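Asker: After the structure tokens below, expect a handful of questions from me.
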Amino acid sequence: MTAKPSTPMERLEQLENGLRSAFAALGGEVSRHRGELTLTIPRERVREVMARLRDGPAFRFDECMDVCGVDYLAYGESEWTTAGASSSGFGRAAERERPDAGDGERRFAVVYHLLSVALNQRLRVKAYLDAAEPIVDSVIDIWRGVDWFEREAFDMLGILFAGHPDLRRILTDYGFVGHPFRKDFPLSGHVEMRYDPEQQRVVYEPVTVEPRVLVPRVIREDNRYEPGAGPAGAAG
């Protein structure tokens with residue numbers, strides 16, 4: 001008879017081993033970082049894997065605490081890099097590039113955070129989505145509470161959840177253009193709004209502000225702050 005794990009680390013290792021055994025054949029990959037486990041699965045296996053994670057006696061993830069999306073466009077690139085500072089050194093500006101993601105297979109990811117109350121364990125599940133068709137099956141029939149989570153991921157990132165009964169915007173206006181959390185969405189948006197006294201209503205117009213990213217002021221060496229370089233005649 002196998003001894004029951006007693007320490008948190010032993011329980012974590014048991015869960016990690018169980019995940020590898022259960023989902024390796026389905027293309028699942030398990031990673032551990034800072035004491036947290038992440039299970040990465042193919043998007044076409046999401047519903048199958050999630051049902052097993054909820055019902056499997058070794059997992060029993062009875063709650064989905066959150067569903068969110070990630071946009072990996074220009075991941076690892078820094079928009080703060082500039083060619084150089086102005087001669088005065090008081091400031092500089094960077095042009096914000098918006099590279100085209102094309103048909104990247106890993107442009108987006110949908111991330112689920114699961115909790116097992118009975119076994120006191122947590123798990124992050126991730127599935128990558130391509131740029132052309134960021135679609136994944138809804139898990140609303142597995143965890144009813146993901147209803148608004150999936151709607152928010154759709155609203156903010158444009159991720160589509162097939163089978164969701166009411167997939168519509170939840171945070172932005174009904175006529176909103178685009179998805180604000182996408183990396184290529186302009187900081188100033190696509191349209192601006194104002195009240196028109198003649199029409200006596202709010203109207204939308206193209207944005208008139210040119211987007212620009214400001215970077216911190218350049219600080220150069222200043223001998224006034226070097227040891228012994230105080231004002232002449234100052235007390236030592």
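Asker: Collect the residues in segment 131-150 that are under 22 Å from residue 171 (Cα atoms) and among the acidic types (Asp, Glu), keeping them in residue-number order.
Answerer: Of all residues in segment 131-150, those under 22 Å from residue 171 (Cα atoms) come to 134-140, 143-150.
Residues satisfying the conditions are 137, 147, 150.
Asker: For segment 38-63, name all the residues that are crowded, with 18+ Cβ neighbours inside 10 Å, touching a helix residue (DSSP H, G or I) at 6+ places or on another chain (Cβ under 6 Å) and of a type outside the set (Val, Ile, Thr).
Answerer: 39, 59, 61
Asker: Sticking with this one: Just to verify a result, which residue in segment 132-141, among those that are hydrophobic (A, V, I, L, M, F, W, C) and crowded, with 19+ Cβ neighbours inside 10 Å, is farthest from residue 109 (Cα to Cα)? Give the derivation first.
Answerer: Step one: of segment 132-141, the residues hydrophobic (A, V, I, L, M, F, W, C) are 132, 135-136, 139-140.
Keeping just the survivors that are crowded, with 19+ Cβ neighbours inside 10 Å gives 136, 139-140.
Numbers: 136: 10, 139: 15, 140: 18 Å.
This residue is 140.
Asker: Which of the residues that make up segment 174-188 are at pLDDT below 80 and under 12 Å from residue 204 (Cα atoms)?
Answerer: Within segment 174-188, just 175 meets the criteria.
Asker: If you don't mind, another one. Condition test on residue 166, is it crowded, with 16+ Cβ neighbours inside 10 Å, modelled with pLDDT of 95 or more and more than 14 Å from the chain's Cα centre (by Cα)?
Answerer: So residue 166 does not fit the description; no.
Asker: Being free of Cβ contacts under 8 Å to residues at least 24 places away in the same chain and among the acidic types (Asp, Glu) is the filter here; which residues of segment 153-195 pass it?
Answerer: 166, 173, 192
Asker: Identify, by number, the condition in (1) modelled with pLDDT of 95 or more; (2) under 17 Å from the mean Cα position of the chain (by Cα) that residue 105 doesn't meet.
Answerer: All conditions are met except number (1).
Asker: Could you grab me the full set of residues in segment 133-176 that are in a loop (DSSP other than H, G, I, E, B), acidic (Asp, Glu) and within 18 Å of residue 50 (Cβ to Cβ)?
Answerer: 141
Asker: Within segment 156-179, which residues are under 15 Å from residue 66 (Cα atoms) and of a type outside the set (A, V, I, L, M)?
Answerer: Across segment 156-179, the qualifying residue is only 161.
Asker: Looking at segment 125-163, which of its residues are within 18 Å of the chain's Cα centre (by Cα) and among the basic types (Lys, Arg)?
Answerer: Residues satisfying the conditions are 126, 151.
Asker: Just one of 192, 210, 205 is part of a loop (DSSP other than H, G, I, E, B), among the charged types (D, E, K, R) and either under 19 Å from residue 177 (Cβ atoms) or modelled with pLDDT of 65 or more (or both); which is it?
Answerer: Only one candidate passes the filter, namely 210.
Asker: Also, I was wondering about something else. Does residue 83 fit the bill of being farther than 20 Å from residue 33 by Cβ and at pLDDT 95 or above?
Answerer: no
Asker: Identify the single condition in (1) touching a helix residue (DSSP H, G or I) at 6+ places or on another chain (Cβ under 6 Å); (2) closer than 23 Å to residue 133 by Cβ; (3) at pLDDT below 95 that residue 5 does not satisfy, given that it satisfies every other one.
Answerer: (2)
The values are calculated or read from the model by the stated rules, or taken from the named source; none is laboratory data. This is a predicted model, so every value here is computed, not measured. Positions of Cβ are backbone-derived with ideal geometry, glycine not excepted, and every protein chain shown enters the neighbour counts.
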